[in-house]
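Engineer: Structure below; questions to follow.
The values are calculated or read from the model by the stated rules, or taken from the named source; none is laboratory data. Computed from a predicted structure; not experimentally measured. All Cβ positions, glycine included, derive from the backbone under ideal geometry; neighbour counts span all protein chains shown.
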Amino acid sequence: MNCLRPLLLATLTSALFACQPAKESQPFVLTLAHMNDTHSQFDPVNADLTGQIFGQQEETDTLYTRFGGYPRLLTMAKAYQAEALAKNQPILLLHGGDAWQGSGYFKLNEGMANADLLSQFGLDAMALGNHEFDLDNQKLARFIEGVNFPVLAANLDTKADPALSKADNLKPFVVYAFDGNQKSPVTDLDKLPQGKQLVAIIGLVLEDMGNIAPNVGKLRFGKEVTSAQATVDLLQAKGINQIVALTHIGNERDLALAAKVNGIDAIVGGHSHSLLGDFRNIGWGKTGDYAKLVTNPDGIGKTCVVQAGSYAQAIGLAQVTFDSQGQLTDCQGHNSLLASRDFFADPARKQALDQTRSKEAIKFVDNQPNLVTVDEDPRLRGIIDSHYKPALEKAYGPVIGTIPAQLQNARRPGDNGSDSHGSDVAPLVAEGEFYWANTPAVQALTGGPVDFALLAVGGVRAELPAGEWREGDSALTLLPFKNQLSVLTLTGAEVRALLSETITATLPASAHAGKFPYGGNLRYTFQETDAGKAGTLTRLQRKTASGEWQDLLDNQRYRVVMNAYSANGNDGWQALANAQRHQSERVDIASVNGKLTAFPVLKVAQNGELLSAVYAPGQALDCKASGVDCGTDAASFVEYVREARPTLTALDEETVTLLRAK
């Protein structure tokens, strides 16, 4: 069986590899195949499509299938590479960062399974993402030295870091010399090869990494715009004018970078999980334009901006055309979601479609310009199943609940075809934290009940697929960051300011939405008044013990539970750091030798860029100490499912409503 639909492959071939080999007098056409934020999704992820699928023109049907996974992504990448080779066309295969985290595979193997599998792809470069800092710099250095492609970060200073300063495979940029499809790295910028097309790839990481990633050590992060322009200027001074920026700063910052820096021809991005392009044909909405051209500050140059979603579900393909002076003249392309050939009648994926409906489903998928059915690469699937899956299955442990129908986790209401209420999963996680914080064992440590929970959706890393929910799913997949939970006191005005600030920051379609807030035992409505720019909270209420919804009062004090990362004010929750700058009524809860233990917090302090808790003398919480388990966020969800919600369905009442301006 062919791995790709023949008609689609022919279309891709003619559209993207039709030009003749580059010559000095002819335009140079470079193909960029790219992925980002793959987050250790070695296996396919469940996906629901909506449309007029089964011939009932007056009805909208739902089709249950699976997308992506590393073996399917590899099949498509190899197909693009093979077509480029057959046509003698130049191609780069790029990864926009955040290969780490996201599944139990990462938790168990600490990045080395990622190094093993990514090295099968033939990548030309990868940007350094924020989740690559989720362990420590020694383990990150081991990963960087373990892959067979360069890892890039031009605005990263490693000199003071004992581990990464020795990582030779971590570079600010890489330059390739192309002769048709053949390419070779350029090692000496003062001795450039003649008669070849030179393409530089520069890497950019988040300038505020210290405020997002907890384990950056003594690394220093330079400003994105300043570092990018300086690197471009250096390359152009050496005679290299065709420049690609491989970034992990989010689509909103990519667009700003393109408008503030001269000389970047294409930006291949990551971080914001932006599946660019129009996916309304399958009910997934539209996040932004793929291959958007942004004019540079000189008013002459243009930059093409692309990004390819998340979780190894899609791959992007862009065709970038340069004139003889290395100036960008055209950029076109698209993202393709990579579908399996398995279609189901039920959300649990247990009942396959009958033959008639299966044919209709295949016809529907074949007719979509942004879907392609792809077989898994059998060799990579074999490596995963034999080397890594057995340990993962064992680690998941006993079944503690069931999920009748898949629960989606759109970070921001309206994303991926979701409604104005957004994620179904985040409210459940927040409700679980609220439940846990009000158990007698926790109240005995914190001094009483809490009023509600707050949650930044970026900490919730998975949808809940229909079927069984096992104990290990919570810590390995859903809430993998091992964050201790905090109980703190805030005024109604402080809560209102926090929600207004974080929601407003995520209103632009291109914004990184990980900071978007959800609540447990709390509900709000936010009315956007200026599209993508501003709005106001029109309702903010908590549920009382009697089950009634009551407005939050600005001057009243409320006890709130959330994870400590957010409680410290990181990743855009700065309002909480401000509220605790001088003193804090807060207790963090972790497990010490199997016993829940309270750690009083005096205040929140700035440590470099990272905001962190200052604990009472002699009572500091060290999450790396022997016998200490800070993962009470995941433990709270396990307890909630076991004791209160063994059948996991969406909450009966919507707690978040985001009304967009028309």
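Engineer: As an exercise: evaluate A18 against (1) surrounded by fewer than 17 Cβ atoms within 10 Å (Cβ to Cβ); (2) assigned to a helix (DSSP H, G or I); (3) at pLDDT below 95 and give the number of the one condition it does not meet.
Structural biologist: (2)
Engineer: Further, regarding this structure: Suppose the filter is aromatic (F, W, Y), assigned by TED's automatic domain parsing to the domain that holds S636 and surrounded by fewer than 24 Cβ atoms within 10 Å (Cβ to Cβ); does F516 pass it?
Structural biologist: It is false that F516 is aromatic (F, W, Y), assigned by TED's automatic domain parsing to the domain that holds S636 and surrounded by fewer than 24 Cβ atoms within 10 Å (Cβ to Cβ).
Engineer: Can you pull out every residue in the stretch 38-95 that is assigned to a helix (DSSP H, G or I) and modelled with pLDDT under 95?
Structural biologist: Of the residues in the stretch 38-95, the ones assigned to a helix (DSSP H, G or I) are 70-86.
Those that are assigned to a helix (DSSP H, G or I) and modelled with pLDDT under 95: none in the stretch 38-95.
Engineer: Let me ask something additional. Which members of the stretch 178-233 meet the condition of being part of a helix (DSSP H, G or I), among the small types (G, A, S) and modelled with pLDDT of 95 or more?
Structural biologist: Scanning the stretch 178-233 gives S227, A228, A230.
Engineer: Out of A312, A391, I need the residue that is outside any strand (DSSP E or B), under 29 Å from A200 (Cα atoms) and in contact (Cβ under 8 Å) with a residue 24 or more places away in the chain. Which one?
Structural biologist: A312
Engineer: Continuing with the same structure: Residues of the stretch 124-151 being in a loop (DSSP other than H, G, I, E, B) and β-branched (V, I, T), which ones? Break it down stepwise before answering.
Structural biologist: Applying the first criterion (in a loop (DSSP other than H, G, I, E, B)) to the stretch 124-151 yields 124, 128-129, 134-136, 147-150.
Across the stretch 124-151, the qualifying residue is only V147.
Engineer: To continue, here is another question. Given the structure, is P465 surrounded by 17 or more Cβ atoms within 10 Å (Cβ to Cβ), farther than 29 Å from S584 by Cβ and out of contact with any helix residue (DSSP H, G or I) (no Cβ under 7 Å at 6 or more places or on another chain)?
Structural biologist: Yes: the conditions hold for P465.
Listed here are the residues, each with its yes/no results for (1) β-branched (V, I, T); (2) more than 29 Å from A590 (Cα to Cα).
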| residue | (1), (2) |
| --- | --- |
| W469 | no, no |
| G472 | no, no |
| K482 | no, no |
| S486 | no, no |
| V495 | yes, no |
| S500 | no, yes |
| A505 | no, yes |
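Engineer: List the number of the failed condition for L255; all other conditions in (1) under 27 Å from G459 (Cα atoms); (2) touching a helix residue (DSSP H, G or I) at 6+ places or on another chain (Cβ under 7 Å) hold.
Structural biologist: (2)
Engineer: Confirm whether D188 is assigned by TED's automatic domain parsing to the domain that holds D124, surrounded by fewer than 17 Cβ atoms within 10 Å (Cβ to Cβ) and either of a type in the set (D, E) or in contact (Cβ under 8 Å) with a residue 60 or more places away in the chain (or both). I'd like the intermediate steps shown before the answer.
Structural biologist: On the way: assigned by TED's automatic domain parsing to the domain that holds D124: yes; surrounded by fewer than 17 Cβ atoms within 10 Å (Cβ to Cβ): yes; either of a type in the set (D, E) or in contact (Cβ under 8 Å) with a residue 60 or more places away in the chain (or both): yes.
Yes.
Engineer: Looking at the structure I just gave you, is G326 in contact with a strand residue (DSSP E or B) (Cβ under 6 Å, 6 or more places away or on another chain) and not aromatic (F, W, Y)? Talk me through it step by step, then tell me what you get.
Structural biologist: On the way: in contact with a strand residue (DSSP E or B) (Cβ under 6 Å, 6 or more places away or on another chain): yes; not aromatic (F, W, Y): yes.
Yes.
Engineer: Moving on to the next point. Does the stretch 515-541 hold any residues that are more than 20 Å from K662 (Cα to Cα), not in a strand (DSSP E or B) and not basic (K, R), and which are they?
Structural biologist: The answer is F516, N521.
Engineer: Still on this structure, I have one more. Specify which of the listed residues (T321, T303, T287) is free of Cβ contacts under 8 Å to residues at least 60 places away in the same chain and farther than 21 Å from L118 by Cβ.
Structural biologist: T303
Engineer: If D168 satisfies every condition in (1) surrounded by fewer than 20 Cβ atoms within 10 Å (Cβ to Cβ); (2) free of Cβ contacts under 8 Å to residues at least 40 places away in the same chain; (3) over 27 Å from A228 (Cα atoms) but one, which is the exception?
Structural biologist: (3)
Engineer: If I ask for residues that are in contact with a strand residue (DSSP E or B) (Cβ under 7 Å, 6 or more places away or on another chain) and hydrophobic (A, V, I, L, M, F, W, C), which ones from the stretch 207-227 would you list?
Structural biologist: Matches in the stretch 207-227: M209, L219, F221.
Engineer: Could you list, in sequence order, the residues of the stretch 380-398 that are out of contact with any helix residue (DSSP H, G or I) (no Cβ under 8 Å at 6 or more places or on another chain) and not acidic (D, E)?
Structural biologist: Listed by number, the residues that qualify are G382, S386, K389, P390, K394.
Engineer: Could I ask something else about it? Taking the condition of being part of a helix (DSSP H, G or I) and either farther than 27 Å from I243 by Cβ or not assigned by TED's automatic domain parsing to the domain that holds I267 (or both), how many residues in the stretch 107-123 meet it?
Structural biologist: Qualifying residue count for the region: 9.
Engineer: Can you confirm whether the stretch 558-573 contains a residue that is surrounded by fewer than 20 Cβ atoms within 10 Å (Cβ to Cβ), closer than 16 Å to L499 by Cβ and modelled with pLDDT of 95 or more?
Structural biologist: Yes, the stretch 558-573 contains at least one residue that is surrounded by fewer than 20 Cβ atoms within 10 Å (Cβ to Cβ), closer than 16 Å to L499 by Cβ and modelled with pLDDT of 95 or more.
Engineer: Can you name the condition, by its number, that P517 falls short on among (1) more than 29 Å from A308 (Cβ to Cβ); (2) touching a helix residue (DSSP H, G or I) at 6+ places or on another chain (Cβ under 8 Å); (3) in contact (Cβ under 8 Å) with a residue 60 or more places away in the chain?
Structural biologist: (1)
Engineer: Go through the stretch 97-115 and count every residue that is over 22 Å from V174 (Cα atoms) and more than 13 Å from the chain's Cα centre (by Cα).
Structural biologist: Within the stretch 97-115, residues that are over 22 Å from V174 (Cα atoms) and more than 13 Å from the chain's Cα centre (by Cα) number 10.
Engineer: Something else now. Just to check your reading of the model, which residue among A650, A661, A634 is in contact (Cβ under 8 Å) with a residue 40 or more places away in the chain and crowded, with 18+ Cβ neighbours inside 10 Å?
Structural biologist: Residue meeting the stated conditions: A634.
Engineer: May I pose another question? Considering only residues of the stretch 250-301 that are among the acidic types (D, E) and surrounded by 19 or more Cβ atoms within 10 Å (Cβ to Cβ), which is farthest from L123 (Cα to Cα)?
Structural biologist: Only one residue fits best here, namely E252.
Engineer: Could you tell me whether the stretch 536-544 includes any residue that is at pLDDT 95 or above, of a type in the set (A, V, I, L, M, F, W, C), within 19 Å of A430 (Cα to Cα) and surrounded by fewer than 23 Cβ atoms within 10 Å (Cβ to Cβ)? Walk me through it before giving the result.
Structural biologist: So in the stretch 536-544, the residues at pLDDT 95 or above come out as 536-544.
Of the ones still in play, those that are also of a type in the set (A, V, I, L, M, F, W, C) are 537, 540.
Still in the list and also within 19 Å of A430 (Cα to Cα): 540.
Subsequent filtering for residues that are surrounded by fewer than 23 Cβ atoms within 10 Å (Cβ to Cβ) retains 540.
The answer is yes, given that some residue of the stretch 536-544 is at pLDDT 95 or above, of a type in the set (A, V, I, L, M, F, W, C), within 19 Å of A430 (Cα to Cα) and surrounded by fewer than 23 Cβ atoms within 10 Å (Cβ to Cβ).
Engineer: Shifting gears a bit: For the stretch 544-566, how many residues are in a strand (DSSP E or B) and free of Cβ contacts under 8 Å to residues at least 24 places away in the same chain?
Structural biologist: Result for the stretch 544-566: 2.
Engineer: Could I ask something else about it? Being buried (at least 21 other Cβ atoms within 10 Å of the Cβ), touching a residue at least 12 places away in the same chain (Cβ under 8 Å) and not aromatic (F, W, Y) is the requirement here; does A497 meet it?
Structural biologist: no
Engineer: Here's a follow-up. With the stretch 416-514 as the region, which strands (runs of 3 or more DSSP E) entirely inside it contain at least 2 residues that are among the aliphatic types (A, V, I, L, M), over 20 Å from the mean Cα position of the chain (by Cα) and under 16 Å from M562 (Cα atoms)?
Structural biologist: Values: elements: 452-456, 467-470, 485-491.
Here the list reads 452-456, 485-491.
Engineer: Same structure again: Surrounded by 24 or more Cβ atoms within 10 Å (Cβ to Cβ) and among the polar types (S, T, N, Q): is that true of T247 in this structure?
Structural biologist: So T247 passes the test.
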